[in-house]
2 protein chains.
Amino acid sequence: MAKLEVHEIAGAVCAPLGFKVGTVYAGIRKAKRDDLVLLVSDTPATAAAVFTTNKVHAWCVRHNRERLAAGNIQAVLCNAGNANACNGERGQSDDQALAEGVKTALRAAGHFEGDLLTASTGVIGKHLPMSEVKAALPTLVAALGGSIGHGEQAANAIMTTDLVPKFVAIEVGAGKERYRIGGIAKGSGMIAPNMATMLGFITTDIAASQAELQAILTRVVGRTFNCITVDGDTSTNDMVIVLANGASGVPLAGREQEFEQALEYVCGTLARKIARDGEGATKLVTVTLINPPPLGEKIAKTIAESPLVKTACFGNDPNWGRIMAAAGRSEVEFNPSSVVVRLAGHEVFRDGEPTAFDPTVVSAAMKAADLMIELEFLGTPKSEPVTVWTCDFSYDYVKINADYTT
Amino acid sequence: MAKLEVHEIAGAVCAPLGFKVGTVYAGIRKAKRDDLVLLVSDTPATAAAVFTTNKVHAWCVRHNRERLAAGNIQAVLCNAGNANACNGERGQSDDQALAEGVKTALRAAGHFEGDLLTASTGVIGKHLPMSEVKAALPTLVAALGGSIGHGEQAANAIMTTDLVPKFVAIEVGAGKERYRIGGIAKGSGMIAPNMATMLGFITTDIAASQAELQAILTRVVGRTFNCITVDGDTSTNDMVIVLANGASGVPLAGREQEFEQALEYVCGTLARKIARDGEGATKLVTVTLINPPPLGEKIAKTIAESPLVKTACFGNDPNWGRIMAAAGRSEVEFNPSSVVVRLAGHEVFRDGEPTAFDPTVVSAAMKAADLMIELEFLGTPKSEPVTVWTCDFSYDYVKINADYTT
């Protein structure tokens, strides 16, 4: 099929028709920075989501599974600064009380008939300051708006240890067939049960059935958000939600492949922004396997998560040995002598031994903000390439994580 | 059965009767420090070994498998400074030529009728300086001796990035039933394909059959060397070898359980010394699960390998959230609400929420050189505890690993 032509536009989650966002400071985090975000569709939307697989998960994750099953989702509420996880029974009732409070405020303010999903990120094991948060809800609803500024401010308000806000929006198709997809995301370690939960919220004005939307989202997340790794840790609160409200009048039916590519563009862009902003990161590292053996993803992830590989990337050290040894311990079958390794475009290993390369030249090439690690598997049957994104591992990763809660 | 009474003695691998060691500087590493070690039994010994499971492995690993199958092992040759791995066909012939050269020199020097195992650790992808090494062999054989100093010097000569030599020896039994086990080890990251290969060489003067010795070693390594982790990486060259020469006249038969406990003491001591000396480590971290669910080892290893947990240990941060989240992503089934977490003896989590603990007190307790992380699983069927050892993750880990080869 034809390669999708992508046209980036402004406005993040407000770029698609019929979505509004509001943010407010509700006293959840110490820093006086907006910490509560409400995303509302003008009409109930089709919703799909992917959640953390961590056995230890927050109330919002558990509740959202039930809410999604019931359907009729029209909004998403997200707070930053407190994960509302691992905090006993009160966390459960707080999550539900908050959802009910927002729905009541939305109904009071006008047309709202749907249900609402919740997301939380921040310190775990603490209770939300419920009276302050409840008091802030009318202001939050009053702040709702659909401008470019509203959409991009939402990306700011969900940040925790993130250094930069992460958002993107695109327009696909032309004339009457035009629809939009927008997204915001946060995340800085792939986890940190405390503050670096990975969250992604996507809006689109295409019209889709729940089953189609969920199937496409699951596949796309598998190739994007699930292909980034900062430290191998996953959070109690991770989730990606997509809301499709159909406001463009364009149906998904007949353009499934195009939409999947478009959603992959949005999710992939957000995912790479997260990897590049990994805690203490100085560069985005892309690990690509050409013609990989079956289960090649495991090889790519083992390389991308190896602290030794990641510290070598930080130090611009062309250390192919660590890359090959990480591949070798991935429990995937392959012939080490058939692997060609390229670092920042320079071949460094072939036929089971290092290529005669100039370490100074390769090290200089590794200094770029985008570092490519490529493994090509010769003599194996043709297969699709596998790509995983990560960041390097610096002094600052240790600094950021050595003293967090106290 | 009765708890083994252990009596530590001096001499490392020379403590058991009938073993000699020699070391020499053979020009393999830049620093002028002995880099070639020869361990010889007066008579052919029973040998057992456990090797790296890494698909990318050195010639010595492949050759030793064949040599062990043929039996009649009487010596071990180990060089530090060059892993003789990932260096093409010449690496293979170098390993064999070295083994033959040492056997010839040993035969010329007197009584030697057995075969020899090889081990290498150091930079990978480089060739050994064969002419220098061959020239050093007569000196190496002439240096053989069985004194306490000889045994402990061997622990020094196999070091690479290790900061301290690792050795231990014990005496078991009394009178005519007395036998000894001694060992040396090295390793600093669990890997580093370059320099931090994990090696362990154990000698004993008990008399054992190959099948018994291998079965016991495999079990003991599973509970000791395989329960330490510095960064989750495994090397191309890892191996643990035990030689039993029977010189004490004491047979293994009838004291299998006692010997297994004794070997576990030796291997466990060496393993903890390796974990404590992890690259950049400031403390030994012991992760113990009480009454764990099936596959509890996976929970313990996921906690011990989590960069977020390890940086929190470095920072004396009582961050139970990272511990629970690591447990939760280990893919092992358990009920998070049934877990009690203790840090340095202080309870910090129970019934799905944090205990009311004083972070200042717990943080102060975490400053000890030995930090205990304990998870107790309530309400599950009785099961054996699981213990994994690791170290914390400091600025120096990044410093040591960011710029290694160049």
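The numbers here are math on the coordinates, done by the rules we state, and not lab data. Everything numeric here is computed off the predicted structure, so don't read it as measured data. Cβ atoms come from the backbone with ideal geometry, glycine included; neighbour counts cover every protein chain shown.
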Completion exercise
Expressed as a whole number, the average count of other chain Cβ atoms within 10 Å around the Cβ atoms of B:345-353 is 3
Problem - Residues A:Ala174 and A:Arg65, FRET efficiency given R0 of 45 Å [Cβ-Cβ distance, rounded to 0.05] - result: 0.75
Exercise for the section: Just add up the charged neighbours of A:Pro129: K/R +1, D/E -1, any other residue whose Cβ is under 13 Å from the Cβ of A:Pro129. Expected result: +2
Problem - ³J(HN,Hα) computed for each position of the stretch A:25-42 - Karplus, 6.51 cos²θ - 1.76 cosθ + 1.60, integer Hz, glycine/proline x - result: 8, 10, x, 7, 9, 5, 4, 7, 9, 2, 9, 9, 10, 10, 10, 10, 9, 4
Fill in the blank from the handout: Env charge @ A:Ile9, Cβ radius under 15 Å, K,R +1 / D,E -1, value -3
Exercise for the section: Using the number of other C-beta atoms within 10 angstrom as an exposure proxy, rank B:Phe357, B:Phe201, A:Phe314 with the fewest first. Expected result: B:Phe357, A:Phe314, B:Phe201
Completion exercise
Given backbone amide H placed at 1.01 Å from N, residues whose amide H is under 5 Å from that of A:Asp351, ignoring those fewer than 5 places away on the same chain, are A:Val339
Problem - Value of [θ]222 nm, deg cm²/dmol, for the protein assembly as shown, DSSP H segments ≥ 4, -39500 (n - 2.57) each, nearest 500 - result: -10500 deg cm²/dmol
Practice task
Have a look at B:Ala26, B:Ala108, B:Ala15 and tell me which one the Gaussian network model of chain B (Cα, springs below 10 Å) gives the largest fluctuation.
Solution key: B:Ala108
Practice task
List every residue whose amide H lies under 5 Å from the amide H of B:Thr160, counting only residues 5 or more places away in sequence or on a different chain, with H placed 1.01 Å from N in the peptide plane.
Solution key: B:Gly187
Completion exercise
For the stretch A:204-220, in residue order, the Karplus 3J(HN,Hα) values (coefficients 6.51, -1.76, 1.60; θ = phi - 60°; whole Hz; Gly and Pro = x) are 8, 9, 6, 9, 9, 7, 4, 4, 5, 4, 5, 4, 5, 4, 4, 5, 5
Practice task
May I ask which of A:Lys55/B:Lys186; A:Lys32/A:Lys399; B:Lys30/B:Lys399; B:Lys3/B:Lys186; A:Lys399/B:Lys126; B:Lys30/B:Lys166 have a Cα-Cα span longer than 26 Å here?
Solution key: A:Lys55/B:Lys186; B:Lys3/B:Lys186; A:Lys399/B:Lys126
Practice task
Specify the inter-centroid distance of the stretch A:53-85 and the stretch B:314-386, based on alpha-carbon positions, in whole Å.
Solution key: 25 Å
Problem - Pairwise label distance in nanometres, B:Arg33 with B:Ala135, each label 7 Å out on the Cα-Cβ vector - result: 2.3 nm
Problem - Relative contact order of chain B, pairs being alpha-carbon contacts under 8 Å that are 6 or more residues apart, as % - result: 18 percent
Practice task
Would you mind checking the stretch A:39-61 for residues with the amide N under 16 Å from a putative spin-label position 7 Å along Cα→C-beta of A:His111?
Solution key: A:40-46
Fill in the blank from the handout: Rounded to a whole number, the mean other protein chain Cβ count within 10 angstrom for residues of B:23-36 is 0
Handout entry: Gaussian network model of chain B, springs between alpha carbon atoms under 10 Å - residue of B:Ala99, B:Ala281, B:Ala215 with greatest fluctuation
Key = B:Ala215
Problem - Gaussian network model of chain B, springs between alpha carbon atoms under 10 Å - residue of B:Thr160, B:Thr52, B:Thr203 with greatest fluctuation - result: B:Thr52
Fill in the blank from the handout: Two pseudo-spin positions, 7 Å from Cα along C-beta at A:Thr53 and at B:Arg350, lie apart in nanometres by 3.4 nm
Problem - Positive minus negative residues near B:Met159 (Lys, Arg vs Asp, Glu; Cβ under 15 Å) - result: +2
Problem - Cβ neighbours within 10 Å from other chains - mean over A:368-381 - result: 0
Problem - Dmax and Rg, reported as Rg then Dmax, of the stretch B:7-276 (C-alpha, Å) - result: 16.7, 52
Fill in the blank from the handout: Amide H neighbours of A:Glu279 at under 5 Å, excluding residues fewer than 5 places away on the same chain, with H built from the backbone geometry, are A:Gly189
Fill in the blank from the handout: Counting only DSSP loop positions in the stretch A:257-365, the GluC sites (Glu not before Pro) whose Cβ has at most 13 other Cβ atoms within 10 Å are A:Glu331, A:Glu333
Problem - Distance between modelled label sites at A:Ala368 and B:Asn335, nm, 7 Å Cα→Cβ extension - result: 5.4 nm
Fill in the blank from the handout: Phi-derived 3J(HN,Hα) across the stretch B:388-396 with the Karplus relation (6.51, -1.76, 1.60, θ = phi - 60°), rounded Hz, x for Gly and Pro, is 10, 10, 8, 10, 7, 10, 10, 3, 5
Completion exercise
Binned at 10 Å from zero, the C-alpha pair distances of the protein assembly as shown give percents of 3, 13, 21, 22, 18, 12, 7, 4, 1, 0
